[in-house]
Structure formats: structure tokens, C-alpha cells
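The values are calculated or read from the model by the stated rules, or taken from the named source; none is laboratory data. This structure is a prediction, so every number in the text was calculated from the model and none was measured. Cβ atoms come from the backbone with ideal geometry, glycine included; neighbour counts cover every protein chain shown.
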Amino acid sequence: MAATNLAVSRVFGFHHESTEVVHEEAIGKRDTNRYQPTSEVPRRHRQDSVSIRTLDNPYSPKVSATSTLIDDTSYSATLPKQPSLPLSVEEILTLTKPTIERLLQDSGSVGASMGVLRHGKQHFLNLGARGLGVTAVPDQKTVYLISSMTKPIIATAVGILMDDFPRYQLDFGTRVSAVLPELKGSPGMLKTYTKQELTIGDLLDLRSSFQWMTNLWESPDGDVPWRTTDPVVSLLQHLPVNDTYTSHEAFVYNRNYSNECFALLAAIIERKTGYSWAKFVRQMVLEPLAMHNTFAGLSEAERNDMSRTFAKSHSVQVPGIMPELLQCTDADGVICRAKITKCFERHHGHIPQSVEILPSQASNAGAVGPSPLAAAAGIMSTTSDLLKFYRKIMDVYAERQRQQGSKLFPFPGHISTPLERGMNHLFAHIESRLSPDPFSRTCTYTGGWNTVTVPLTSEERNASPRPRWPGADGDNARRLESAIQSKVHGDDLDYTFFVTKPEPHVAEINTETEKPPITDPSESKKHLALYHGGNMVGATSFCWLLPDHETAVVVLCNTRGFLLDAANLSGMLLAECLFLAESDSRHDTGSLVEAVRMACEHTERMARAIQIDYLYDLARYEHHLASRFRELDPASNGIDTEGLEGRYEFAQDVFITITAEKRGLVLRLYGTGYGYLLRELDDKKAPENGGLEKTMTFAQPMAELIPSGVGGTNRLKVKDFVVVFKREKAAGEWEGFEWNFARGKTPRERRRDTTPYFWRRAREKGT
């Protein structure tokens, strides 16, 4: 597919000048009233210390506050009053906006919508454009693909099923095969070390021994060929379990991220209710919350509805810097990270180019309804709608905290609807999964959420193995860890969010006439946070909930830029600053402004390290592909490709076709969609094998992939896409090829015997 638009991201208007800026002096005036009784401090004085006016520039951000989120919340009157904050949400958005703009610009993002829910009030920040060539700014009603942020919604639907146990006979301990008997006896359905069958709770917690399957269904152009769970069932019956886990404790408290877990949950919803999973979610989750701009399975009529605004989809490429990156080698011809760093510094600010692409097909309803894999990553929504969902979650959590004596039973007059009771079941499960060991409970995936207790103590932060960083997700987390270990950026590069709070600075007071501030004992306690990221073709997203602070942050972005996940970092920056600004009598406003500025500086430093690490990986990938593999000559009259064409089957419903086309030998998953050009290992560097093997790869230069979208399957390792054709005789027919699509999750005993990953040539279609 040809790209429909191409532009340098710098032109997208992220440099916004407001008529007034935040001055420490203006904010600091409130400190003179710091220790007056609350009734004597004018509330308007606090909220109006920053004036924001949107300029005529269509790309300028809009910051607004609205009334309470859900007007008919049955127990809103019982919620505590909004405390007096040292910094308002509007001030935090203003202080962090320049950094967020730089993150979006540096990542090549075209536009983003951000929402903050704080003590029942919504606040929005919208930046950039809905799409390339579009002048309109996105807003809180702009519809985006939320990708894996779909999972908490599906988990809530499963909780609703559990609430009606007499009807559905489903709980967290129910074996998956009891609902999907076709999986009975499948190797992949056994828990590592216990050899017990996986349960519904295990699927919700991403605790499985599944092999990595994403390479088999996420196409670069956004197509999702699996329309049913049949391929998942077939693979689980065929594949051995992986060796992700090294102990029973590791299995219990770690995740094996698998979208297929939620595809199976979608199948369970359908099997139990008789409805499509999308219809059940709409009726039981979306409609009760009036989430009218949220779609589980988007029809063509809905996509063409002119009353709604959909964000376009974009990818990011770096063609201007690519030739120079490939020259960053040492004396041995190996890509050098230090030289990559210098190259980045020379070009910083002029690196990414944004490309408009077709949207991911994960959100499409299709002729028979949305794919079950869309239950893992296919819902579309808005910041406004998602804050409704997160508000309800935090309301249920607040009521649980007030009624600690009751765990699984509805609270009269409060948790009374199926939706609320379903969320209540999930919280009971989440609480049961938090380890009593403080070093283990810092981060666990459970109930469709990454859960973490914050802030981390210095001991927890430095524990071995180091815990996953609160909020850090996907490529950002992986690349920041790589950057830290490389030492190229110095010894003090680290992830600093939710580790320590700023040192308190108490304003000077006359103790003879004024009472000194009293430290809130609750400040030393841990706070449960829920978060999730999202990353699919053309879109990225992030959300963070801190229920006992009544705070939620959501970021939706219309760009998937592997250079940097700006949605994740922007959301974490906002979450950290809101956490710092929570009411605390030990801090004055000036110290909090400084803490927010430091958080912005740390974020930009982390972003720099992540971008450099991506360029380093990209240069190694392109260098390896160009130096080790060669394109087949289409003019060779079939000599290079002779005997390789055909259909190759791995398991039932899982196959690949290889065809000779004008540009060369082309591989396609399931015979349709994106065509990968095969390249052969350079004969001069190939080991002698007597003509019994031919090693090829369908890894593609990123310049060819990006205009189509780039699926999340590409982790910039050529070996992930190497196929080895085999035959018994030098002049014989090729019998098939080996391709280990599971990457690093192959069982140890199978790493030399790759038979489980052999794709056998089909003599006739379907044999």
C-alpha cells in the first residue's frame, strides 16, 4: 500500500505559545495562606492563578475542566470533598505541556488526546491534529483505537459473568477446558510446574505457558487474519509449553504476555452467553456507563457516521538519518552505540517523518462480527468515555475500602448493579493476587491490569532482580533498561517515577501564633495503582489509575512510532506530577513546582536514551540484513527460487504460501495480505550443507515496512524471521522449512530439535 501522506512531524504545530505562563511568584502567593483555615483561603484565588487562552493556531492545546463525570452516581454524595491542592490540575497541565509537546514531536506523533480525572472532575489536553493534512485539533470526543487498553474492559465483562454464578457457573477457578472442551489435553493448557490446567483466573492474569503467537497474526498492514479461535486452539494442541517460568513462584507472580489469553476469554463469553463478545460488552459495560463513542467491533456504517470524529492512523520512519546510522561502525565493522549517540545529537529534532497508513483491522466488525483477538486489542474509544469507565472502577474501589469486612457480596445501596458487582469481583481477585512479600508485590499483572504498589522504597527499587518500573510499558521499558545497562548515558540514568517523593520544604512560620503543619500518617503507606499500555498498527495509548487518590490519566495517540512511545511517557509524567501534587502539608507550592520541573527533565532524559537505543537497534538490524542476506534475482529464470513455491502448513488453520512474483519470491501468511520478499543468506557466508538446506529471511528493511504500518511483531532482530528450507537429497524436492516464530520462548529441550516448528509442504491444498 502506498503511503497517502508524508510530512516531517516538526510542522504539526507542537510549539504553542500561550498568552500567560506559570510563574513561581504567582503560584507562590498562595503559600502566604498556606496555614490559614481552609475556609479563609479563597478557592477562586487558587484555581485562577493560571490563565489559559487558546490561540487561533488550530494545533494549540485546549485545557478545560468540566462538571462531575457521571451525574447519576448513586453514592457520589458519600465521596470526600475535593482537597485543597498545592497545584491545580490546570497548573500541572501547563507546567508539563512543553515537555509533552517535545515528546510528541520527537516521536513523530501527529496528534494526541489526554484526559485527567481528579476527584470527580475531568480535565483535557489535546495536541497536534487528527491526521496529516487535517487542520482540526482532536478533542475528548475524538475516537482512537485503544489497543491493549481493551483488556480491562473485557476483564470487567468476565467479572459480570461471575456475578451471576447460578446462571453461568463461572468463577476464577473454573478450568478453561470446562468451557472450551476442545482444549482438553492440549499441552499449552497446562500450568508450568504444577501440571494443572489453566483457569479463567490464569487467563485474566496472563499466566500461561503459551508460546509467542503474535508473529502469526499481526500483519504489517494491520490485517488480522484470525476471525475465530480455531487457529489458537490448533496451536495450543500442537505446540509444547514454553520455559518462561523457572519456579512456581515465578509462574504465580509474573506474566507471560499473550493476546491469545483474551481471545480465549472472548470465546468463553460467547460460549456462556450465546451472544458475540462484542454485543455482551456493549450491553453490560458500555451502555450502562453511557459510553456512546466506544465501539467493540466497528461497522462500516459507524465508521462513516459524520456525527463522530475518528483519528487517522500513522506510522513513523527515519529516512534522513538512516545512511549515516549505517556508517556508525567500529574498526571491526560492528555498529557502535557511542557513534550512534553522537549521530543522534547531530540530528536531534529533525529525525522522524510521519506517514499516514490504513488503520488496524482489529477494530472492524467484519461479516461475522469482530475477531476474538479484537477482545485483546480492538476496542475504539475516546478520552471522555474512558474516564467514565475509570471513574466507576475507582468508585467501586472506594466503597470496598469503606466496607473492608465484605469482599464478595454486594454492598447495599452502593455496589448494586451487575457492572459494579463485576468490578467488585475483579478487585477481590486482584487483592488475592498481591503477594505478602513487598519485593514481589511491587508489580503483578492480574484481572486485566498491570498492578503496582507505589511509591517504591529504595530497597525495593534496588532489589535483585530489579522490579518492573511502575508504569513503564512495552518498548519504552525494554529500551530504557538496555540504555541503562549500556552506560553510554552515564551511571545516573534511571527511571525515577514513583520511587521517592521530594524533600519537604516547610515555609517559615511563627510558632507562637501559628500551628506547625501536621504530617499525615497515611503518607507512608503504599498505594495500589492500575495501569495499562496499548500498541497496535497506527495507534498507541496509556492509562493509569490511582484509586485511593481518585486520580486517573489516559493518553490516546494516533501514531505508532517505534522511535519513542510518547503516549506511555506522557501519561507517566502526568501521573507522577499529580501524585506529587496530592495534598500534603509538608510541602509548599514552590518545592512542588521544582519537583514537577525535575520530573519533566528526567522524562526528557529518559526519552533521549530510549530514542538512541531504538536507533542503535535499527542500525544493527539494517546492517545485519544488508550484509548477510541478498535479494534473489528475478531475472534468474527461477534458478534461485526453483522448487520453493507452494503452500506450507504448520497446524490446522495455520499456513503460509510462497509464490514467485515479478519482484522475487514472496511469502504471505494465509496466502493473503502483506507480501514479504524473501532474501537468501549470502552463499559465501553460509555453512556447507551439501545442498540439503537453504537459509532465507523474510525480514524487511524498515523503509519498506513503515509505509504499510509495521506490525508489532518486528523487534528488530533478523533472526526472528529466518526460515531454513530442508530436503533429504541434494537434487530432491524441498519438504518444508523451519521457522521458530516463538522467538525466545522455545523450550530448552527443543532448541536444538526444531521439529515442532517445521512447516511442511502441502502436496495438495488442505492435505
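Taking the residues in segment 326-341 that are assigned to a helix (DSSP H, G or I) and among the hydrophobic types (A, V, I, L, M, F, W, C) as candidates, determine which candidate is farthest from Ser299 (Cα to Cα). Show your work before the answer.
At the first step, the residues of segment 326-341 found to be assigned to a helix (DSSP H, G or I) are 337-341.
Restricting the remaining residues to those that are among the hydrophobic types (A, V, I, L, M, F, W, C) gives 338, 340.
On the way: Ala338: 49, Ile340: 45 Å.
Checked segment 326-341; the qualifying residue farthest from Ser299 (Cα to Cα) is Ala338.
Within segment 483-503, is there a residue that is part of a helix (DSSP H, G or I), modelled with pLDDT of 70 or more and out of contact with any helix residue (DSSP H, G or I) (no Cβ under 7 Å at 6 or more places or on another chain)? Before the answer, list the steps.
The initial filter retains those residues of segment 483-503 that are part of a helix (DSSP H, G or I), namely 483-486.
Next cut, modelled with pLDDT of 70 or more only: 483-486.
Then keep just the ones that are out of contact with any helix residue (DSSP H, G or I) (no Cβ under 7 Å at 6 or more places or on another chain); that gives 484-485.
Yes, that holds for at least one residue.
Could you say whether any residue in segment 136-159 is under 30 Å from His425 (Cβ atoms), buried (at least 24 other Cβ atoms within 10 Å of the Cβ) and over 22 Å from the mean Cα position of the chain (by Cα)?
Scanning segment 136-159 turns up at least one residue that is under 30 Å from His425 (Cβ atoms), buried (at least 24 other Cβ atoms within 10 Å of the Cβ) and over 22 Å from the mean Cα position of the chain (by Cα).
Considering only segment 629-643, I want to know if a residue exists there that is at pLDDT below 90 and within 34 Å of the chain's Cα centre (by Cα).
No; the residues of segment 629-643 include none that is at pLDDT below 90 and within 34 Å of the chain's Cα centre (by Cα).
Output yes when any residue across segment 593-615 is surrounded by fewer than 21 Cβ atoms within 10 Å (Cβ to Cβ), assigned by TED's automatic domain parsing to the domain that holds His119 and of a type in the set (S, T, N, Q), and no when none is.
Checked against the condition, which is being surrounded by fewer than 21 Cβ atoms within 10 Å (Cβ to Cβ), assigned by TED's automatic domain parsing to the domain that holds His119 and of a type in the set (S, T, N, Q), segment 593-615 yields no hits at all.
Report those strands (runs of 3 or more DSSP E) wholly inside segment 98-164 carrying at least 3 residues which are more than 20 Å from Ala377 (Cβ to Cβ) and in the same structural domain as Val553 (by TED's automatic domain parsing).
Output list reads 111-118, 121-128.
Each row is one residue, and each column tells you yes or no for (1) farther than 30 Å from Val232 by Cα; (2) touching a His at 6+ places or on another chain (Cβ under 6 Å); (3) acidic (Asp, Glu).
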{"position": "Ala290", "(1), (2), (3)": "yes, no, no"}
{"position": "Phe295", "(1), (2), (3)": "no, no, no"}
{"position": "Arg308", "(1), (2), (3)": "yes, no, no"}
{"position": "Val334", "(1), (2), (3)": "yes, no, no"}
{"position": "Glu356", "(1), (2), (3)": "yes, yes, yes"}
{"position": "Asn364", "(1), (2), (3)": "no, no, no"}
{"position": "Ser371", "(1), (2), (3)": "no, no, no"}
{"position": "Ile379", "(1), (2), (3)": "no, no, no"}
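Within segment 461-482, which residues are within 26 Å of Val555 (Cα to Cα), at pLDDT 70 or above and either assigned to a loop (DSSP other than H, G, I, E, B) or not charged (D, E, K, R) (or both)?
Arg468, Trp469, Pro470, Gly471, Ala472, Asp473, Gly474, Asn476, Ala477, Leu480, Ser482
Would you be able to say whether some residue in segment 173-194 is modelled with pLDDT of 95 or more and surrounded by 21 or more Cβ atoms within 10 Å (Cβ to Cβ)?
Checking segment 173-194: at least one residue is modelled with pLDDT of 95 or more and surrounded by 21 or more Cβ atoms within 10 Å (Cβ to Cβ).
Rundown of residues vs (1) aliphatic (A, V, I, L, M); (2) touching a Gly at 6+ places or on another chain (Cβ under 7 Å), yes/no style:
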position	(1), (2)
Gly115	no, no
Pro138	no, yes
Thr142	no, no
Ile146	yes, yes
Pro152	no, yes
Val158	yes, no
Asp163	no, yes
Pro166	no, no
Leu170	yes, no
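Return the pairs, sorted by first residue and then second, in which the second residue is of a type in the set (D, E, K, R), the first residue lies in segment 270-285 and is at pLDDT below 95, the beta carbons are less than 9 Å apart, and the residues are 6+ apart or on different chains.
Note: pairs meeting the criteria are Ser276/Glu270.
Report yes if Val368 is at pLDDT below 90 and more than 30 Å from Arg118 (Cα to Cα), otherwise no.
yes
For every residue, the table says whether it meets (1) part of a loop (DSSP other than H, G, I, E, B); (2) modelled with pLDDT of 95 or more.
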{"residue": "Pro288", "(1), (2)": "yes, yes"}
{"residue": "Asn293", "(1), (2)": "yes, yes"}
{"residue": "Ala301", "(1), (2)": "no, no"}
{"residue": "Asp305", "(1), (2)": "yes, no"}
{"residue": "Val316", "(1), (2)": "no, no"}
{"residue": "Pro319", "(1), (2)": "yes, no"}
{"residue": "Glu324", "(1), (2)": "no, yes"}
{"residue": "Cys343", "(1), (2)": "no, yes"}
{"residue": "Ser354", "(1), (2)": "no, no"}
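Can you work out which of the residues in segment 426-442 that are in contact with a helix residue (DSSP H, G or I) (Cβ under 9 Å, 6 or more places away or on another chain) and at pLDDT below 85 is nearest to Asp205 (Cα to Cα)?
Out of the qualifying residues, it is Arg433.
Considering (1) free of Cβ contacts under 8 Å to residues at least 24 places away in the same chain; (2) under 29 Å from Asn242 (Cβ atoms), say which one Pro166 fails and leave the rest.
So the condition that Pro166 fails would be (2).
Of all residues in segment 367-384 being surrounded by fewer than 24 Cβ atoms within 10 Å (Cβ to Cβ) and either in contact with a Phe, Trp or Tyr (Cβ under 9 Å, 6 or more places away or on another chain) or acidic (Asp, Glu) (or both), which is nearest to Thr294 (Cα to Cα)?
Ser384
Mind checking whether some residue in segment 546-559 is closer than 18 Å to Met702 by Cβ, part of a strand (DSSP E or B) and either hydrophobic (A, V, I, L, M, F, W, C) or in contact with a His (Cβ under 8 Å, 6 or more places away or on another chain) (or both)?
Scanning segment 546-559, I find at least one residue that is closer than 18 Å to Met702 by Cβ, part of a strand (DSSP E or B) and either hydrophobic (A, V, I, L, M, F, W, C) or in contact with a His (Cβ under 8 Å, 6 or more places away or on another chain) (or both), so the answer is yes.
In segment 390-410, what residues are modelled with pLDDT under 90 and aromatic (Phe, Trp, Tyr)?
Phe409
I need a count of the residues in segment 207-240 that are surrounded by fewer than 21 Cβ atoms within 10 Å (Cβ to Cβ) and touching a helix residue (DSSP H, G or I) at 6+ places or on another chain (Cβ under 6 Å).
Final tally of qualifying residues: 2.
State the number of residues belonging to segment 206-244 that are within 30 Å of Pro359 (Cβ to Cβ) and either in a loop (DSSP other than H, G, I, E, B) or among the β-branched types (Val, Ile, Thr) (or both).
Total meeting the criteria: 22.
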